[in-house]
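The values are calculated or read from the model by the stated rules, or taken from the named source; none is laboratory data. Quick caveat, the model's predicted, so the values are computed rather than measured. Methodologically, a virtual Cβ is constructed for each residue, glycine included, from the backbone with ideal geometry; neighbour enumeration extends over all protein chains shown.
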Amino acid sequence: MGIFDFLSGQFIDVIHWTDDTRDTMVWRFEREGHEIKYGAKLTVREGQAAVFIHEGQLADVFTPGLYMLETNNMPVMTTLQHWDHGFKSPFKSEVYFVNTTRFNDLKWGTKNPVIVRDPEFGPVRLRAFGTYSVRVIDPALFLREIVGTDGEFTMDEISYQIRNIIVQEFSRTIARAQIPVLDMAANSRELGKLIGGEIAAQLAEYGLALPELYVENISLPPAVEDVLDKRSSMGVIGNLNEYMQFQAAEALGKDGAGAATIQAGLGAGIGMQIGAQAAAGGPWGVAQPAARVAPPPPPVEHVWHIAESGKTTGPFSKAAMGRMATDGALTRETYVWTAGQDGWKLAEDVMELAQLFTVLPPPPPEA
């Protein structure tokens, strides 16, 4: 290898980048100390932009196309290198390729609930999540504000910041929109457009754009959703009695057990009929002695108190009261009381005691 071949090997004459990843936003062309040859070929594919950084200063930006790196298409570099007098020596510059395609299906969501005032339910807590897409619209600004000197910048390095911006604007938008909770699902598309429009100016300061933003779901706390489900169920049920009858019929037919249940019920009914006819001496058996019927419980025995001359005596059993009625110590005008009775009453007004005075015949009527 001659000296000229060795020197020519130190010069880069083809610059390009093929991206085999799905999340790389910026990639620095690795030249390993080699100088870029004047007149080298630069290939910028669709969905890319190439940015030259010369001695720490942002120089030329190239959009998709094939370029010969000469003074006629490198105005900033020509000025920095003083090529205006036709000097065509190799130069050293950093070349950054910027991916300008859309990065899709990026996730966002509220880490903490957002409290809003609903006209029907009052203050409620909401959570939301969705997807968005982002793309670089100003490669030079994006390098200056976000990337810096990072040789390989991925979407993960900025997605967290974008999510925070989206969640912050969602909270502000949902609080100002005053959309009822029950109507938010019907307005999710409008909410996405409104939020995307609000944060467009802020992302433009980074050289980014947000082509799409979707609100996929807005949810209430589980406890509130349970109550709302019960409220909806009551509206669907309508007539509660008819619903209970339907549930009973459905339970009989569940898992094919309805027929067996009905057969078991019929069998039990037939068995009861057979037993009844057998007990009555019917065609299925002979007469059986009637079963003994348990006697009713004995009546409650009352005890009585007597009020006489401002004093009370007792308690006395009914038998004792009967003897007193016979002896004349208890008359019809005697005040008596027993538990459960409403105040003192005359003995003749108490049916149970009035019978005591009819044992003997009353005195005969006057002639």
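Each row is one residue, and each column tells you yes or no for (1) modelled with pLDDT of 75 or more; (2) part of a helix (DSSP H, G or I); (3) closer than 21 Å to Gly130 by Cβ.
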| residue | (1), (2), (3) |
| --- | --- |
| Tyr206 | yes, no, yes |
| Pro211 | yes, no, yes |
| Val227 | yes, yes, no |
| Arg231 | no, yes, no |
| Val236 | no, yes, no |
| Asn241 | no, yes, no |
| Gln247 | no, yes, no |
| Glu250 | no, yes, no |
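So, in segment 310-323, how many residues would count as being in a helix (DSSP H, G or I) and touching a residue at least 12 places away in the same chain (Cβ under 8 Å)?
Looking only at that region, the number is 3.
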Check: What number goes with the only condition from (1) under 19 Å from Met25 (Cα atoms); (2) in a strand (DSSP E or B); (3) of a type outside the set (Asp, Glu) that Leu126 does not pass?
Finding: (1)
Next item on the list: Report, by residue number, each residue of segment 129-147 that is assigned to a strand (DSSP E or B) and not charged (D, E, K, R).
Entry: Phe129, Gly130, Thr131, Tyr132, Ser133, Val134, Val136
